[in-house]
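Nothing in this text is a laboratory measurement; each read-out follows from the coordinates by a stated rule. Since this is a predicted model, take the numbers as computed values, not measurements.
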Amino acid sequence: MNLIIDIGNTRFKAALFEHKTLVEAHSYTSKADFMAALPTLLARAKQAAICTVVDTIQDIQSLINIPCLLFKSDTPIPVQNNYQTLSTLGSDRITAAVGAHALFPGKHCLVIDAGTCIKYNLITAEGVYLGGAISPGMPMRLKAMNHYTDRLPLIDMDPGFDTLLGQSTRDSLLSGALLGAVAEADGMTERYSKQYPGLITVITGGDGPYLAKRLKNHIFAEPYLVLKGLNEILIYNFEHKHL
């Protein structure tokens, strides 16, 4: 089996795949929990792949005793990458795009990854990654309004919030941050759809369920998109003997 590890800013995710079939997936909110689970996962896998948006993972790598692909900007991938600054492209962005292309081959795909930041990634029907956009995630918007003002309180993310007209400071902040993000995502999807007819929108990320329930446009929710994309990259490198 393949062990796929996605290390984000706030979550650690791991999954086991039997070739391209997802067997199980796990999400950890602390590094300690992830590190405790890692030996058991490794014992069931023959090879592994890691993508990370943080720089320090030496302690994690030191535990991995099977062939392991650490995804980098120069790692061979099964799509064409036309991003101009490859060295600064987040691994989660390109792996999500690879995952979308594998799920919907021959279709233009816009991936919306709602995590610490909201990332928009466009991959064409021909399998060409073009880039996209990055904006603050919903919890980040709430934290920024508290940090950069004297009197606005820090409000926690509320997954059930759906009030357009805020009649308290709390509700006004949530409406601006959360429903504002929904309006942004709807607007971005509409603009991309005009340029790329037949566009399929795929949403993922920790806050993806909040957006998925509220977007006007038809979307596909895929919580394991980055993991599936990285698994595709691992298989590609194994088959082409890069690993």
>> Give me the extension gain from His147 to Val53: residue separation times 0.36 nm, minus the current Cα-Cα distance, reported in nm with one decimal.
In response: 31.5 nm
> Out of these labelled values of mean projected area of the Cα convex hull in nm², (1) 11.3; (2) 13.9; (3) 12.4, which was calculated from the coordinates shown here?
Replying inline: (2)
> Cα centroid distance between the stretch 153-196 and the stretch 198-243, in Å?
Replying inline: 22
>> If I stretch the segment between Asp162 and Leu130 completely, what's the gain in nm (0.36 nm per residue apart, minus their alpha carbon distance), one decimal?
In response: 8.2 nm
